[in-house]
Amino acid sequence: MTPKPRRPASRRRSPTPLTGAQAVWECLTREGVTHVFGYPGGAILPVYDTMPAYPVHHVLARHEQGAVHMADGFARAGGGVGVALATSGPGATNMVTGIATAMMDSSPLVCITGQVSSGLIGSDAFQETDITGVTLPITKHNYLVTDAEEIGPALREAFYIARSGRPGPVLVDITKDAQQGACTFDWDAAAPKPPGYRPDHRPRAADVRHALDLINGSARPLLVVGHGVILGEAEGLVKAFAERTTIPVAMTLLGIGAFPGSHPLNLGMMGLHGEAWVNEAVQQADLIIALGMRFDDRVTGKPSAFAPQARKIHVEIDPAEINKNVPVDVGLIGDVRGVLETLLPDVAPNDHSAWLARIDDIRRQATARGIQNFEDDGHLYAAHAIHDLWRATGGRALVVTDVGQHQMWEAQYYRHEATRSLITSGGLGPMGFAVPAAIGAKLARPDADVWAVVGDGGFQMTMAELGTLVQEGVKVNIAIINNGCLGMVRQLQEFFYGARYHATPLVNPDFVTLASAYGIRGVHVTERSAVIPAVEAAAAHDGPVLLDIRVETEDAVYPMVAAGAGLDQMIRRPAQEAIR
Ligand SMILES: Cc1cc2nc3c(=O)[nH]c(=O)nc-3n(C[C@H](O)[C@H](O)[C@H](O)COP(=O)(O)OP(=O)(O)OC[C@H]3O[C@@H](n4cnc5c(N)ncnc54)[C@H](O)[C@@H]3O)c2cc1C
Ligand SMILES: Cc1ncc(C[n+]2csc(CCOP(=O)(O)OP(=O)(O)O)c2C)c(N)n1
Ligand SMILES: [Mg+2]
């Protein structure tokens, strides 16, 4: 890819007379924005028209959902705020899935939409949609701006709200006349001061003492590491805490990467598709120390049956999360980094060897049932393909997954060593996330070896973004885990609907031919022995490569806990003899 030449940053002094559209770019550049993901239309054209004067690279998506997922992938990979831009009406409504995705996973975004001119609001004008009304429940905050003078303050506040406290998406809807109007842009005067918003919390001293007593007195403690550890950049402190106390670590899906996969204290992912030994450790623990995770129902199973023997400490920045899903003994409200810094000097290096040995024992028994240890029967299973992707990339790739069975197998069979090396949609789980989010991730981290791991169903939801991939010249490799069906839903049909597979088989196009229409190299992979060479060849190729990996349809993600069941009611993979 030839990088777009950068223009020098604006050197204007404040206050400066500008149009509202120029004020948008002035704000973005001063916020340090380098990339904006968007799609133009009439109501946002004044903003597009002034864009070339500013040193921001615009990525033209093929659909506004894709633009928002790109901004989200950019934010999750790089740690900044992602920015997406769209026109009014259909442009804005197409953003909704992407915004809801970011909201559920606390991803910091600023989405800017054009709106019809203020005099037309409420008249059902052409492409008028009340997007602040539509997105009220799926944004951390939103604004309707009808005056050019308000653009600066609204955007500065939007960035502040998006990135502070519990991060999240903020939408700023700007009328066309506000974009065209004149304003006096004063950066300093626009400093954010949202009334009633207090993102900084510190835990109470009594709660800290209580937590320390529980930690230092427990025999079977477990750290549960969530996405908040990554958002709060507390990975190093978590490692120091775990090593000092020799407490084993379980991760939520979104916590994967926050603790090194190969660390001896790492257990892996917990939850409805968590590894058996992790869930058993949860159920047998006498203390759960939950760090930046929100006890999602996919993590706890039936809440009343969750970790029944354990006292619980919850370190969480959002007070609304304490006692929301699972009652806890101590809530430490604050940034996980600050809380760990407070706790660390006073935690005792206790001996937990008996507890660790017990977990190891459960792990050994469970591993014997792992599909990786089954003899090769000539079939290619998705778990094999993902395990080989891990081997061939040395565990160092930045993997962006879609939603479904392949997502769970990736979490189980790709061992992530580094933080922000797995990007996946956990809370909303929209199919179609992976390819656009991977494009955003690659633009945020150009040196990363980025792989989109995506189902054959989900790929077809946003495959138009192959056009963006080519236009941007980014090297993102794509592994389609092609099982010929909507696998995760088929699995539910297999277990709970009498194997009546209605509406889950897929008739797919030839993805390799499709890739070639975009000028992308495509390769069919049909045998287990072909996975590693195909991944290595993709890495060596100067451009994106799409692997169409044809895997068995007949397979399920194990272990599996049925919705509403406790974590101790895991359905386990049958032994190989039982499958034959
Ligand atoms: C098909 C499918 C299957 C799934 N199965 C599983 C499964 O088996 N196991 C599993 O774990 N998940 C699973 N998930 C994902 C699950 O739905 C949730 O998205 C996930 O568990 C949430 O993880 P989290 O709580 O760590 O992250 P988030 O939902 O992002 O929550 C992060 C929490 O950290 C807090 N926080 C943010 N910043 C800070 C900070 N600086 N300091 C302190 N706190 C902070 C936030 O307020 C929030 O409460 C599945 C998803 C799908 C789509
Ligand atoms: C937009 C959207 N629609 C429907 C679903 C429900 N759903 C969850 S997983 C899944 C099947 C995914 O199939 P595929 O992409 O082929 O992945 P696989 O499970 O086969 O690995 C469906 C339909 C969803 N998560 N997102
Ligand atoms: Mg599929």
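The values are calculated or read from the model by the stated rules, or taken from the named source; none is laboratory data. Everything numeric in this text was worked out from a predicted model, so none of it was measured. Positions of Cβ are generated from backbone atoms using ideal geometry, with glycine treated the same way; all protein chains shown enter the neighbour counts. All accessible areas refer to the heavy atoms of the entire protein, side chains included, with ligands and DNA or RNA removed. Shrake-Rupley method; radii C 1.70, N 1.55, O 1.52, S 1.80 Å.
Please give the per residue accessible area of the chain, computed with a probe of 1.4 Å over protein heavy atoms only, in Å².
39
Distances over 21 Å make up what percent of all Cα-Cα pairs in segment 383-468?
23
If packing is taken as the mean number of other Cβ atoms within 10 Å per residue, what is the order of 159-170, 174-185, 233-244, 105-116, highest first?
105-116, 159-170, 174-185, 233-244
Would you compute, from DSSP H runs of 4+ residues alone, the mean residue ellipticity of the chain at 222 nm, taking -39500 (n - 2.57) per run and dividing by the full residue count, rounded to the nearest 500?
Estimated from H runs of four or more residues: -10000 deg cm²/dmol.
Put +1 on the Cβ of each Lys and Arg and -1 on the Cβ of each Asp and Glu in the chain; which of ALA53, PRO303, THR113 then has its Cα farthest toward the positive end of the dipole?
ALA53
Around THR97, under 15 Å between beta carbons, what's the net of Lys plus Arg minus Asp minus Glu among the other residues?
Counting the neighbours of THR97, the net charge comes to -4.
Ordered by residue, what ³J(HN,Hα) values in Hz, to whole numbers, does segment 302-315 give under the Karplus form 6.51 cos²θ - 1.76 cosθ + 1.60, where θ = phi - 60° and Gly and Pro are x?
Values per residue, Gly and Pro as x: 4, x, 5, 9, 7, 6, x, 8, 9, 6, 9, 10, 10, 9 Hz.
Please list TYR414, TYR381 in order of solvent-accessible area, largest first, computed with a 1.4 Å probe with all protein chains present.
Result, largest first: TYR381, TYR414.
Using modelled backbone amide H atoms (1.01 Å from N, in-plane), which distant-in-sequence or interchain residues come within less than 5 Å of GLY522's amide H?
Under 5 Å from the amide H of GLY522: LEU546.
When the distances between all Cα atoms of segment 307-357 are binned every 5 Å from zero, what whole-number percent does each bin get?
Percent of Cα pairs in each bin: 4, 17, 19, 21, 20, 14, 5, 0.
Can you list the residues, at least 5 places off or on another chain, whose amide H is less than 5 Å from the amide H of GLY331, using H built in the peptide plane?
The list, which skips near neighbours in sequence, is HIS314.
Could you sort 315-321, 434-440 so that the peptide with the highest average Cβ count within 10 Å comes first and the rest follow in order?
434-440, 315-321
Of the accessible area of the chain, with the probe set at 1.4 angstrom, what percent is carbon plus sulfur?
Taking all protein chains in place, the chain shows 53 percent carbon and sulfur surface.
Protein chains only, probe 1.4 Å: how do HIS58, HIS541 rank by accessible area, largest first?
From most accessible down to least: HIS541, HIS58.
Under a Cβ-Cβ cut-off of 11 Å, what is the net charge of the residues other than ALA310 that fall near it, where Lys and Arg count +1 and Asp and Glu count -1?
With Lys, Arg at +1 and Asp, Glu at -1, the net is +1.
Got a sec? Charge dipole of the chain, +1 on Cβ for Lys and Arg, -1 for Asp and Glu; which of ILE362, GLY32, ILE256 is way out at the positive end?
Value computed over the given set: GLY32.
Using only the Cα atoms, what convex hull volume per residue in Å³ does segment 257-393 have?
That works out to 146 Å³ per residue.
In what sequence, highest mean first, do 271-280, 68-77, 187-196, 353-362 appear when ranked by Cβ atoms within 10 angstrom?
Order by mean packing, descending: 68-77, 271-280, 353-362, 187-196.
If amide H atoms are built 1.01 Å from N in the plane of the peptide, which residues on other chains or at least 5 residues away come under 5 Å of the amide H of VAL453?
So VAL453 has HN proximity to VAL400, THR401, ASP402, ALA479.
Based only on Cα atoms, what mean projected area does the convex hull of the chain have, in nm²?
Computed as one quarter of the Cα hull surface, the answer is 26.7 nm².
Mind ranking LEU344, LEU60 by accessible surface for me, highest first, 1.4 Å probe?
So the residues, ranked largest to smallest area, are LEU60, LEU344.
How much of the DSSP beta bridge set in the chain is antiparallel, as a percent to the nearest 5?
Around 10 percent of the beta bridges assigned by DSSP in the chain are antiparallel ones.
Cα convex hull of segment 356-417: how many Å³ per residue?
About 109 Å³ per residue, rounded to a whole number.
Could you grab the relative contact order for the chain? Cα pairs under 8 Å, six or more apart, rounded to a whole percent.
14
Above 20 angstrom, tally the Cα pairs of segment 59-159 and express them as a % of all pairs, no decimals.
Of the Cα pairs, 36 percent sit more than 20 Å apart.
Specify, per residue and in Å³, the volume enclosed by the convex hull of the alpha carbon atoms belonging to segment 216-335.
93
Across segment 135-148, in residue order, what do the Karplus-derived ³J(HN,Hα) couplings come to in whole Hz, using 6.51 cos²θ - 1.76 cosθ + 1.60 with θ = phi - 60° and x for Gly and Pro?
Couplings: 9, 3, x, 10, 10, 5, 6, 8, 9, 10, 10, 10, 9, 4 Hz.
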